[in-house]
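The block underneath contains the structure these notes are about, expressed in structure tokens.
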Protein chains: 4
Amino acid sequence: MTTAQAGDVVQLVGRDHKHFILRLTPGQQLHTHRGIFEHDALIGRTLGTEVFTHRGDPFFLLQPSTDDLIREIKRNSQIIYPKDIGFILMKLSVRPGVTVVEAGTGSGGLTTVLAQAVGPTGCVISYEVREDMQNLARKNLERVGLADRITFKLRDIAEGFDETDVYALFLDVPNPWDYTGQAYRTLQSGGFFGSLVPTANQVSKLLVSMRREGFDFVEVCEVLLRYYKPVPDRLRPTDRMVAHTGFLIFGRPVIRSTPPPETLEAQDETDDPDLAGDNSAE
Amino acid sequence: MTTAQAGDVVQLVGRDHKHFILRLTPGQQLHTHRGIFEHDALIGRTLGTEVFTHRGDPFFLLQPSTDDLIREIKRNSQIIYPKDIGFILMKLSVRPGVTVVEAGTGSGGLTTVLAQAVGPTGCVISYEVREDMQNLARKNLERVGLADRITFKLRDIAEGFDETDVYALFLDVPNPWDYTGQAYRTLQSGGFFGSLVPTANQVSKLLVSMRREGFDFVEVCEVLLRYYKPVPDRLRPTDRMVAHTGFLIFGRPVIRSTPPPETLEAQDETDDPDLAGDNSAE
Amino acid sequence: MTTAQAGDVVQLVGRDHKHFILRLTPGQQLHTHRGIFEHDALIGRTLGTEVFTHRGDPFFLLQPSTDDLIREIKRNSQIIYPKDIGFILMKLSVRPGVTVVEAGTGSGGLTTVLAQAVGPTGCVISYEVREDMQNLARKNLERVGLADRITFKLRDIAEGFDETDVYALFLDVPNPWDYTGQAYRTLQSGGFFGSLVPTANQVSKLLVSMRREGFDFVEVCEVLLRYYKPVPDRLRPTDRMVAHTGFLIFGRPVIRSTPPPETLEAQDETDDPDLAGDNSAE
Amino acid sequence: MTTAQAGDVVQLVGRDHKHFILRLTPGQQLHTHRGIFEHDALIGRTLGTEVFTHRGDPFFLLQPSTDDLIREIKRNSQIIYPKDIGFILMKLSVRPGVTVVEAGTGSGGLTTVLAQAVGPTGCVISYEVREDMQNLARKNLERVGLADRITFKLRDIAEGFDETDVYALFLDVPNPWDYTGQAYRTLQSGGFFGSLVPTANQVSKLLVSMRREGFDFVEVCEVLLRYYKPVPDRLRPTDRMVAHTGFLIFGRPVIRSTPPPETLEAQDETDDPDLAGDNSAE
């Protein structure tokens, strides 16, 4: 049995699926729409069980998933959705111990997952130009106990990044095409680059600047998440869905010693992202 | 400048985007459709630059992304796609240091990413009933230097899992509904459970057994990945796409002390997975 | 210049895109949220121009599209969406002069388009078991001047349809699998059959009964409609979309003189609905 | 029982789902990969039954659906897919008796459906600049007995269309933005305009020119068609799908007497194309 400890980040979920994320702190209270919880009364309780407000209303006491943490982050900007973040982790190959640079920090959603994924031996450096955003993000990261893995920088990235030979870099800014040169110089050659923009016009602009600055293996994609009503005998997709969050663009900064191929045919690789082919060798 | 070292897992990508993943081993050779590479000639070369076969054909020398690793795994079974694995990481909240159980091992695709994500301080226990599959997976994991993070078990999970109080568990088997009881008993209460099945009928069966065994917060979804041709002035989705890999099902094993709500209305939560609401509190 | 005539069905669209569909009738008034229109003042006005309420608020006077007619039908049941109806027309090959049977009538949305498509020389026979629904549908059809092309029947189709040798038949009922025998006997051999159901479980049930009753060339599909914000320099999909309306099932009633093929392989034809192949011959 | 008559357009479908569309002509033969059919032996046979080649291989004798006709048209250009054509019919409100103009003719796929939908009392005028394309289209239309409803014009539409006060017009050309002025002048005010282009950049260009020329109620959308394997106990989407054919753009030519609204907010209407609202009135 795993029990909730002081300092743990937990989630309380009511019958109406209203949820609250909190860090258990002795002496504090949580006020919900269905009554009050004393943190002290939650500390020591078994995770996955029901706990009750002073009014007797039941809530499940849970460890929040990464998906929950992102969805419920306090924000004053558009955040990157978990569906997109999951795929970013795969393409940027984020793993324990590596160093990742991101700009801008925003509300700290992606920052949270990056900090979690690089682990205590890794490092996330996060640039932001707006102080209020940075403060919000820092508060969000502190709340989940991950702030010490982040180096927050308040800076216009037009001036460039301080770091070099960086493993991976992600641009979540309205005009990433203005910073692809800076990104190229910050990344180690062959590093991992990604960006997210909401409109097709932005994708085109970014593609032009990535080609110009020396990025190759460029891919553009969208991740769509379709939920189903989990009713066994009436299984069907939900009526509505989030139809668009943004286009994801990935690429690798390379150093080319031969002229590029004349045709773009190789780019059409992504037209058929078949997993069937096995070209690996030892 | 980061250079390739003996023992590194690297990727060679030709002009035609044919790629080869290999572990650099002094004295070995790689035979490609465009000529031969001596591993010794690759060791010490800068990542992100072009290297040449004995015939003079250029290939880029790169660190493979996690996406690349999965796509090019040697397999003799259907693998879980990176688009799905990324989202599984978000819902199962896999992070450095945790213990994850999976069954079956298959070709080891998900195993690879889990091993990477839990890091050297975490642990992956992977059950498989077919010895040939397990051997293939072990070989795949050894090739990328992650085998030592995995405990491989050759076992029919109908007998149950050896572990208890496990953080997260994933079932990638044709009949997960037969093992939800075992999964429930292995997971810590409130832990993270996930599964993937290709057909709607399997989803229904799994949902029934999850409800029966004590899982709550059940969600069913599909992740769709749509690629675009990365041509700035002719931006368009690719003509074809992978339209279906599988349905993802997630849930949390809970211990209920009050009767469940009479209606299923709360389940419709997933109908509108809006991220706009901020219910978090401190 | 085309002008609106008494008896015409027109649409008035305000600046806020609120729209009103009406049949121009001398002496009548339309009350909108922005003021009143006298029908007499609209009669004789040019279509595609602005007209003004008694308060001076502008509305465009337009001929409603078929899409508009369906979207704004008065309803007390779920209607079939235009995206689905358009594809139904293609698969059922509805065209001027043919006879189509449908059940149930519902609010008359599909009935409206069928009536329009078969033209004055064709015929639509529409079965409904609920009198209130039939009355609503009849009123909707009268409003758009198409009621005389419909034969409304108040009948439980469990008793069978009156017609035989029918060109095409569509079942929009909750339990179409109970009526596939009746449908088979009503259709001419080789005729066109279609149905729409919202859940996967219903699809499975319907497929079983279609096979049993002698339908072949069975296809199951979904039509998804994704809107974009029509802003040239910020082109992007809309944030939300209708993610599901229903599954469409089509088939042809055949008379088989040889045993069916042993494998289902041929069914996988639909797996790759490539239009590239040209097998036609003269 | 409906039997095949001389002059009928029929389809023969083999066990492997290979299909042949032909017009029954006394004295002719059809050579298939499984043997020969004498047209005379097919004339008088019941539709929906099996017929046999001289080698004894069975084929079903069917009336082709509109979907079949389009899919199997002889082509030397990209055609518009049935999924798109069905929705075009709904938005352009094509129905018996109306006049529709299209450019270019291409292989005649859309032309075929338009000719069918307007019926013998309607009219389709189809412009094409390439003579070889026009010849192919005419042959395709003749084969299905619809050529006499089409007025084919060999003309560069930069010179304008001959017609005025046209009900509906569709542009299927690579540069529709060059012809929106001509389209506006050809359509009756308030008429129905549509176009299809494959890339996002083309959509943007077309939107700019439509606004400039006086089109309003502009919508941009994509129709996606997802097939399922029709296996009742293993229901699942097909593995691959056609992911993109083109973007559809619709609009109405209007005559504006008041300045347009300052904000674009009304355009966001399409963001939520809810059918729930019922603004209709009598």
Residue in segment B:98-109 that is at pLDDT 95 or above and over 16 Å from the mean Cα position of the chain (by Cα) present:
no
From the residues in segment D:112-134 that are touching a Lys or Arg at 6+ places or on another chain (Cβ under 9 Å) and of a type in the set (S, T, Y), which one is nearest to the other protein chains (Cβ to nearest Cβ)?
D:S126
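From A:G14, A:G35, which residue is on the phi > 0 side of the Ramachandran plot and not assigned by TED's automatic domain parsing to the domain that holds A:L225? Break it down into steps so the answer makes sense when it comes.
Details: A:G14 fails: on the phi > 0 side of the Ramachandran plot.
That would be A:G35, the only listed residue that is on the phi > 0 side of the Ramachandran plot and not assigned by TED's automatic domain parsing to the domain that holds A:L225.
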Would you mention how many residues in segment C:9-55 are under 16 Å from D:G190 (Cα atoms), more than 8 Å from chain D (Cβ to nearest Cβ) and modelled with pLDDT under 95?
1
When you go through (1) facing chain B (nearest Cβ under 10 Å); (2) touching a residue at least 40 places away in the same chain (Cβ under 8 Å) one by one for A:R234, which number turns out not to apply?
(2)
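For every residue, the table says whether it meets (1) at pLDDT 95 or above; (2) assigned to a helix (DSSP H, G or I); (3) under 19 Å from D:A243 (Cα atoms); (4) not basic (K, R).
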site	(1), (2), (3), (4)
B:D233	yes, yes, no, yes
B:T245	yes, no, yes, yes
B:G251	yes, no, no, yes
B:T270	no, yes, no, yes
B:P273	no, no, no, yes
B:A276	no, no, no, yes
B:N279	no, no, no, yes
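Would you say A:K18 is closer than 23 Å to A:R138 by Cβ and surrounded by fewer than 22 Cβ atoms within 10 Å (Cβ to Cβ)? Can you show your working first?
On the way: closer than 23 Å to A:R138 by Cβ: no; surrounded by fewer than 22 Cβ atoms within 10 Å (Cβ to Cβ): yes.
No.
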Selection status of D:S65, surrounded by fewer than 19 Cβ atoms within 10 Å (Cβ to Cβ), among the small types (G, A, S) and under 23 Å from D:G246 (Cα atoms)
no
Strands (runs of 3 or more DSSP E) within segment A:1-40 that include 3 or more residues of a type in the set (A, V, I, L, M, F, W, C):
A:9-14, A:19-23
Kindly provide the set of residues from segment D:164-189 that are within 21 Å of the chain's Cα centre (by Cα) and part of a loop (DSSP other than H, G, I, E, B), ordered by number.
D:D172, D:V173, D:P174, D:N175, D:Y179
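Out of B:L62, B:L89, B:L69, report the one residue that is more than 7 Å from every other protein chain (Cβ to nearest Cβ) and among the hydrophobic types (A, V, I, L, M, F, W, C).
Working: B:L62 fails: more than 7 Å from every other protein chain (Cβ to nearest Cβ); B:L89 fails: more than 7 Å from every other protein chain (Cβ to nearest Cβ).
None of the other options fit; the residue is B:L69.
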Note on C:M90: of the conditions (1) part of a loop (DSSP other than H, G, I, E, B); (2) over 25 Å from C:A147 (Cβ atoms); (3) assigned by TED's automatic domain parsing to the domain that holds C:Y184, unmet is (1)
Exclusive hit being over 30 Å from B:T238 (Cβ atoms) and at pLDDT 95 or above, set D:R185, D:R256:
D:R185
Counting only residues that are among the basic types (K, R) and farther than 18 Å from C:G109 by Cβ, which one in segment C:21-62 is surrounded by the most Cβ atoms within 10 Å (Cβ to Cβ)?
C:R34
Could you look through segment D:52-77, keep only residues that are out of contact with any strand residue (DSSP E or B) (no Cβ under 7 Å at 6 or more places or on another chain), in contact (Cβ under 8 Å) with a residue 24 or more places away in the chain and part of a loop (DSSP other than H, G, I, E, B), and pick out the one that is nearest to C:G251 (Cα to Cα)?
D:I73
The one condition A:Q78 fails out of (1) under 27 Å from B:V218 (Cα atoms); (2) within 8 Å of another protein chain (Cβ to nearest Cβ) is (2)
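On the given criteria, is B:V94 farther than 25 Å from A:V223 by Cα, hydrophobic (A, V, I, L, M, F, W, C) and more than 7 Å from every other protein chain (Cβ to nearest Cβ)? First the steps, then the outcome.
Numbers: farther than 25 Å from A:V223 by Cα: no; hydrophobic (A, V, I, L, M, F, W, C): yes; more than 7 Å from every other protein chain (Cβ to nearest Cβ): yes.
No: the conditions fail for B:V94.
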Residues being within 13 Å of D:T180 (Cα to Cα), more than 14 Å from chain A (Cβ to nearest Cβ) and not in a strand (DSSP E or B): count how many of those fall in segment D:198-231.
6
Of C:A158, C:A137, C:A103, which residue is small (G, A, S) and in contact (Cβ under 8 Å) with a residue 40 or more places away in the chain?
C:A103
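The values are calculated or read from the model by the stated rules, or taken from the named source; none is laboratory data. Here the structure is a predicted model, which means the values were calculated and not measured. Virtual Cβ from ideal backbone geometry, glycine too; neighbours counted across all protein chains shown.
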